[in-house]
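Written out below as structure tokens is the structure these notes cover.
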Amino acid sequence: MSDNMAAKIGEIVQVHNDNPVKRVPIARPSFGREGKQIKLLSNHFTVKLSGIDAVSIKSEDDKVIDGKGIGRKVMDKVLQTYSSELAGKEFAYDGEKCLFTVGPLPQNNFEFTVILEETSSRAAGGSLGHGSPNQGDKKRSKCTHLAKKFVVGISYAAKIPLKSVALALRGSESDHAQDALRVLDIVLRQQQAKRGCLLVRQSFFSDDFRNLVDLTGGVSGCRGLHSSFRTTIGGLSLNMDVSTTMIVTPGPVFDFLLTNQNVRDIRDIDWPRAKKMLKNLRVKAIHNNMEFKIIGLSDEPCSRQTFPMKVRNGSSEGETVEITVQEYFKSKQVDLTMPYLPCLDVGKPKRPNYVPIEVAGTNPLCHMVSLQRYTKALSSQQRATLVEKSRQKPQERMRVVTDAVKNNRYDDDPILSSCGIKIEKQLTRVDGRVLSAPTLVVGNSEDCVPNRGRWNYNNKVRLFEPVKIERWAIVNFSARCDMSRISRDLINWPWKKKNLHEMGIITQCIVPSVKMNDQYYTNVLLKINAKLGGMNSKLSLEHRHMIPIVNQTPTLILGMDVSHGSPGRADVPSIAAVVGSRCWPLISRYRASVRTQSPKVEMIDSLFKPLDDGKDDGIIRELLLDFYKTSQQRKPKQIIIFRDGVSESQFSQVLNVELNQIIKAYQYMDQGPIPKFTVIIAQKNHHTKLFQENAPDNVPPGTVVDSGIVHPRQYDFYMCAHAGPIGTSRPTHYHVLLDEIGFLPDEVQKLVLALSYVYQRSTTAISVVAPICYAHLAAAQMGQFMKFEEFAETSSGSGGVPSSSGAVVPELPRLHADVCSSMFFC
């Protein structure tokens, strides 16, 4: 440990006392120096810098209005009607309860009344209701203008000085810095909302068919843009990137149903499934250009579905008659060709309003409204199509984001101009470094030097530690599979399968539809060998016991991740997985421990889990015992934690909740002095991209950036460890939150790069450290067990375990003793 690390460690005083102080992310100690210099560009655009009010909107009946769409319309009306009362000030509105102005308003509290006219139509063309046609067809086809009154209250809440951003840029902690950035982000969102864009968090998507990618099933990928202001060590910047969201493919409802269920004939539609799919989607009736929300389907087909309709008879009030949807349209000279189909119900629960699904002649009666988000899980084929069609080469992505900044004309925005904000139109130049790839050791202890992040096993290169397979079997579930050929080929390449829970047999699944060649069998071989306890390759420094710091002191490396259920499945438990290194001083072997927890909960709640009998059934105890047994009965004196899947707002929870649980688990075992900890967050879900300034290709593997676009105070860096042969490479954003061990910046970055080369499943460097990848794989593989469990039985019986929230979640079956310490997840 170097002397200049003392200040870093001193920031976390009394960490391991009974009442530890609250930990905060450490400051950057210095910068890395090793590696070959490289000139880069980043999709950050320099921003030059030369109050907040609370809003409540209520309807006439004193009901609070929450909808963003109506909220924006109401506030636009306020600005039009009461501009003088507001001193002519422009404002930014987040669509909910926050309103931002540049400088104070004339007074702290306002109450305004505004009236919005909303166009409505009843019983016209394809939209039916229970209202009377009044004075004949002519008036029935007219639109009605309904006036709605809203009461808007504006009250002063807080002042957010933009100078707090300047203080944050200089590395000072500012309570208002994030609030100020949020204001600026809302200004950008408001600008795009006025242009009719779909807003998804900090991304926006315009209604342009050229941005759509058909994913089949009535789902399209919609290309848009992400924009957010970031404080960096080089100043304030606007991060602009390409973004994609899933939407319902716009077009006739008739076509959507056929495509969604992959059928050719409308009579083959599964209507209960269609009803579930269509609920809450919006359609536009063609005859009156009005939008409606679908609440369901009619109980009967158009030929039998009736509704009450008032019919005038001369000057009398008329009478109410029951009429079918088909009869109504026939009276309008529209003959329904498929009256056996149900109707869309676009009314209210107690006041249905019917629109036929079918096409009348050559014209559809209703369309799916564009820019409707699709939030259900994609199929594997849809995901593959989305990835393939969303790829952009570096040069194309640079052009798209640069054009976006120019075309959005941010300098013309009145609020940004009032704040003295000017956004540059060129990508930010960044100094990067390319670290040398670590040398690997393969069979016969031969050195293997990766080339551009890759290496291979040809006839001259053997596995470092192959496993001899005495007994093996193949189980065929595919009628298309040539078993005799596969058996011959697999005998020529060592190969075996596994089973985890009941039999403790290692198995490996393969898909017969893929092209089976030498590379394919090599990849299968790598997985099987690792699962059976072999080692395909390892670092040369690891082989020679020369890894800095790690080799000198017993060190446990943890990789932590949580896998969540598919979107819209709030009933599926989340799966928490932690892998721990074993056989110190190796850093290439790992064991996994996996638990369930409450759905959608990111913080791991089973790291330390004392039971009623006094035993700890938590994850950390399991991994500590394994480390001790496989490391010459040595206890870890240093623990390096790599945590995936958390945002900056959750850093404090990692430092003050999860880390405390790990410490408690260690103390509960009476393991002696508390180890020193280094905690590193890895983020892949961000929008920063790196480009070579003087070359069209992706940045080379080993590229690291810890200046220019990094945080002005915190200890973070970007690393692109992997090669990017297709698309645009996404670097991993690493944040060092705590470093009691005392790594130099170069040592941390080289360790991260080295851990990207010990992934036993492939012959390439990977984009994030192997322990995190292994944790993700373990969570995903164990999560498959839950698909075959009866939730009702386990959650109500003895099979469930209480979560931190008190709810009972199904418990995962434990691994068989013969495979629990294996790398089954490879």
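The values are calculated or read from the model by the stated rules, or taken from the named source; none is laboratory data. Quick caveat, the model's predicted, so the values are computed rather than measured. We place every Cβ from the backbone using ideal geometry, glycine too, and count neighbours over all the protein chains shown. Remember, those area values only see protein heavy atoms, side chains included, never the ligands or the DNA or RNA. Shrake-Rupley method; radii C 1.70, N 1.55, O 1.52, S 1.80 Å.
Here are a few things to note about the model shown:
- Lone unmet requirement of (1) at pLDDT 90 or above; (2) closer than 29 Å to residue 441 by Cβ for residue 714: (2)
- For residue 678: the one exception among (1) within 24 Å of residue 767 (Cβ to Cβ); (2) touching a strand residue (DSSP E or B) at 6+ places or on another chain (Cβ under 9 Å); (3) at pLDDT below 95; (4) of a type in the set (S, T, N, Q): (3)
- Test for residue 492: is it modelled with pLDDT under 65 and open to solvent by less than 80 Å² (accessible area, probe 1.4 Å): no
- Within the range 702-735, the residues that satisfy the criterion of being touching a Pro at 6+ places or on another chain (Cβ under 8 Å), of a type in the set (A, V, I, L, M, F, W, C) and either more than 16 Å from residue 30 (Cα to Cα) or in the same structural domain as residue 658 (by the TED database) (or both) are 719, 720, 721, 723.
- Pair list, Cβ under 9 Å, 6 or more apart: the range 319-346 residue crowded, with 21+ Cβ neighbours inside 10 Å, other residue modelled with pLDDT under 85 and polar (S, T, N, Q): 346/127
- Residue match in the range 265-287 (condition: assigned to a strand (DSSP E or B), among the small types (Gly, Ala, Ser) and within 30 Å of residue 400 (Cα to Cα)): no
- Residue in the range 391-403 that is surrounded by fewer than 18 Cβ atoms within 10 Å (Cβ to Cβ), more than 16 Å from residue 697 (Cα to Cα) and at pLDDT below 90 present: no
- The lone exception for residue 412 - which of (1) in the same structural domain as residue 231 (by the TED database); (2) open to solvent by 10 Å² or more (accessible area, probe 1.4 Å); (3) modelled with pLDDT of 85 or more; (4) not aromatic (Phe, Trp, Tyr) it fails: (3)
- All conditions in (1) modelled with pLDDT of 95 or more; (2) under 16 Å from residue 26 (Cα atoms); (3) in a loop (DSSP other than H, G, I, E, B); (4) in contact with a Gly (Cβ under 9 Å, 6 or more places away or on another chain) hold for residue 699, with the sole exception of (2).
- Qualifying position, being open to solvent by less than 10 Å² (accessible area, probe 1.4 Å) and within 26 Å of the chain's Cα centre (by Cα), among 560, 603: 560
- Just so you know, in the range 576-593 the residues that are in contact with a Phe, Trp or Tyr (Cβ under 9 Å, 6 or more places away or on another chain) and in a strand (DSSP E or B) include one that is surrounded by the fewest Cβ atoms within 10 Å (Cβ to Cβ), and it is 591.
- Some residue of the range 439-446 being more than 22 Å from residue 236 (Cβ to Cβ), modelled with pLDDT of 90 or more and under 36 Å from the mean Cα position of the chain (by Cα): yes
- Scanning the range 409-446 for residues that are of a type in the set (Gly, Ala, Ser), assigned to a helix (DSSP H, G or I) and touching an Asp or Glu at 6+ places or on another chain (Cβ under 9 Å) yields a total of 3.
- Annotation: of all residues in the range 517-556 being of a type in the set (S, T, N, Q) and closer than 20 Å to residue 754 by Cα, the one that is surrounded by the fewest Cβ atoms within 10 Å (Cβ to Cβ) is 552.
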